[in-house]
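Below is one structure, written out as structure tokens; comments come after it.
The values are calculated or read from the model by the stated rules, or taken from the named source; none is laboratory data. This is a predicted model, so every value here is computed, not measured. FYI the Cβ positions are ideal-geometry reconstructions off the backbone, even for glycines, and counts take in every protein chain you see. Keep in mind that these areas ignore ligands, DNA and RNA; they rest on the heavy atoms of the full protein, side chains included. Shrake-Rupley method; radii C 1.70, N 1.55, O 1.52, S 1.80 Å.
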Amino acid sequence: MKERIDALMAEINDLKCASLQEVEQVRVRLLGKKGEITALFDEFRTVAPEFKKEFGKKLNVLKSTAASKIEELRNSAEVSAQSGEPSFDYTIPGDQYPLGSRHPVSIAREEIVSIFRKFGYDVAEGPEIEDDYHVFEALNFPPEHPAREMQDTFFISNAENPVLLRTHTSSVQVRSMEKLPLPIRIICPGRVFRNEAISARAHCIFHQVEGLYIDENVTFADMKQAILLFAREMFGPETKIRMRPSYFPFTEPSAEVDVSCNICHGKGCNVCKNTGWLEILGCGMVDPNVLEASGIDSKKYSGFAFGMGVERIAMLKWQVKDLRHYFENDLRFLKEFETSI
Ligand code: PHE
């Protein structure tokens, strides 16, 4: 009985009639003495007492829906009978076409880029397919240097200067140092590639924004201030940062930067693993060898560089627990960012 009620309900909702005559036929078929709904009411008498309440309610709704639909169809058939034209309700809203939305990685990248643009940084871009020189050698990774192992590289050819997929956008910084006049203040957003097993925390393709500032008298304090301002713009004005000593071949000294956890505000939660801190980027003072390799006088100029993963920043900002969501294009996930066009 339930199936029949549901099927009739669906049918009634979709009913269309071209003439008053058709409306009358529908009325007789549904609500007439031998109509389908009338028959259901007859059958209702045989329903077990414990189901009476549920079915009684359903039947009454069905009957009143049918009656009002028939009334509505009759009205519109009357209108078209008078005007001689099929009726058309001009007040029905038009079809809604979803606009789509920006991908969360694009939203995060644009936010990072726009913060640094405000600080006066220009955007620099470069090739994804690179040579060994720009990804490693010019960045103070000599051949056979163990630090090359830090980044699992996809090699395309193994010639003397191997062709490879860039493992970081620091290569764009090298290309910029080679050709831009000083001082240089750039950020390099782009896709990077690493031969890593895909997991909730790592992917073989991801996005970075790296930054570089070179001028006379640039100090570690300048770097710290730039990163603090960025962190506050990105994660809120209360955000604190801390620096931990680290190692990169192209910077000396080097540091990793944590921000205070924006979820528990330092109290400790499962996102920050009860430390109260979240790692967001690596940075350091550009090694003099790197400046010299690109023809910049390291006695006169100094600079700082930093690099961050866009997916990681987006994960922290929106509390996404699994990096793979960003690459699977599951509409249910992407739709959560719909308002952020
Ligand atoms: N290039 C580094 C990486 O991809 C990030 C970084 C950039 C660290 C600049 C320090 C300075 O891991």
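Overview of values
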{"quantity": "Rg ratio (alpha-carbon, reference 2.2 N^0.38 Å) - segment 3-74", "calculated": "1.14"}
{"quantity": "Reciprocal mean inverse distance between Cα atoms of segment 109-149 - Kirkwood radius, Å", "calculated": "12.6"}
{"quantity": "Exposure rank, largest accessible area first [Val218, Val79; 1.4 Å]", "calculated": "Val79, Val218"}
{"quantity": "Rounded D (µm²/s) - segment 197-341, Kirkwood Rh over Cα pairs, Stokes-Einstein at 20 °C, 1.002 mPa s", "calculated": "127"}
{"quantity": "Along principal axes, Cα extents of segment 68-208, largest first, whole Å", "calculated": "89, 38, 26"}
{"quantity": "Cα centroid separation - segment 15-52 against segment 279-325, whole Å", "calculated": "72"}
{"quantity": "Segments 261-267, 312-318 sorted - mean Cβ within 10 Å per residue, highest first", "calculated": "312-318, 261-267"}
{"quantity": "Charge tally in the Cβ shell below 15 Å around Thr275, where Lys, Arg are +1 and Asp, Glu are -1, Thr275 excluded", "calculated": "+2"}
{"quantity": "Within a Gaussian network of the chain (alpha carbon springs, distance under 10 Å), most fluctuating of Arg191, Arg244, Arg102", "calculated": "Arg244"}
{"quantity": "For the chain, built as a Gaussian network whose Cα springs stay under 10 Å, the top-fluctuating residue of Pro253, Pro181, Pro93", "calculated": "Pro93"}
{"quantity": "Thr275 accessible area, assembled protein chains, probe 1.4 Å, Å²", "calculated": "80"}
{"quantity": "FRET E, pair Lys53, Arg74, Förster distance 35 Å, beta-carbon r, rounded to 0.05", "calculated": "0.60"}
{"quantity": "Euclidean distance between Cα centres, segment 239-261 to segment 54-70, Å", "calculated": "68"}
{"quantity": "Protection-proxy order for peptides 287-300, 125-138, each taking the mean of Cβ atoms within 10 Å per residue, highest first", "calculated": "125-138, 287-300"}
{"quantity": "Normalised convex hull volume, the chain, alpha-carbon set, Å³ per residue", "calculated": "248"}
{"quantity": "Top of Phe206, Phe306, Phe327 by mean-square fluctuation, Gaussian network on the chain, Cα under 10 Å", "calculated": "Phe327"}
{"quantity": "Relative contact order for the chain, counting Cα pairs under 8 Å that sit 6 or more residues apart, in percent", "calculated": "15"}
{"quantity": "Unit charges at the beta carbon, dipole of the chain: most positive-side option, Pro98, Gln21, Val218", "calculated": "Gln21"}
{"quantity": "Given charges at Cβ of Lys, Arg, Asp, Glu: the chain dipole, positive-most of Ala48, Ile205, Val135", "calculated": "Ala48"}
{"quantity": "Selected from Ala10, Ser170, Leu59, residue furthest toward positive end of dipole (the chain; charges at beta carbon)", "calculated": "Leu59"}
{"quantity": "P(r) weight above 14 Å for segment 1-44, C-alpha pairs, percent", "calculated": "53"}
{"quantity": "Rounded tilt (10° steps) of 20-31 against the dominant C-alpha axis of the chain", "calculated": "90"}
{"quantity": "Computed magnitude of the charge dipole of the chain (debye, nearest 20; Cβ of K, R +1, Cβ of D, E -1)", "calculated": "1620"}
{"quantity": "Exceeding the 28 Å Cα-Cα cut-off - candidates Lys16/Lys58; Lys2/Lys69; Lys69/Lys335; Lys16/Lys63; Lys240/Lys335", "calculated": "Lys69/Lys335; Lys240/Lys335"}
{"quantity": "On Cα atoms only, tilt of 49-83 relative to the major axis of the chain in degrees", "calculated": "90"}
{"quantity": "Rounded to 10°, Cα long-axis angle of helix 2-13 versus longest principal axis of the chain", "calculated": "80"}
{"quantity": "Accessible area per residue in Å² at 1.4 Å probe, computed on segment 215-311", "calculated": "47"}
{"quantity": "Computed [θ] at 222 nm, deg cm²/dmol, the chain (DSSP H ≥ 4; -39,500 (n - 2.57); rounded to nearest 500)", "calculated": "-12000 deg cm²/dmol"}
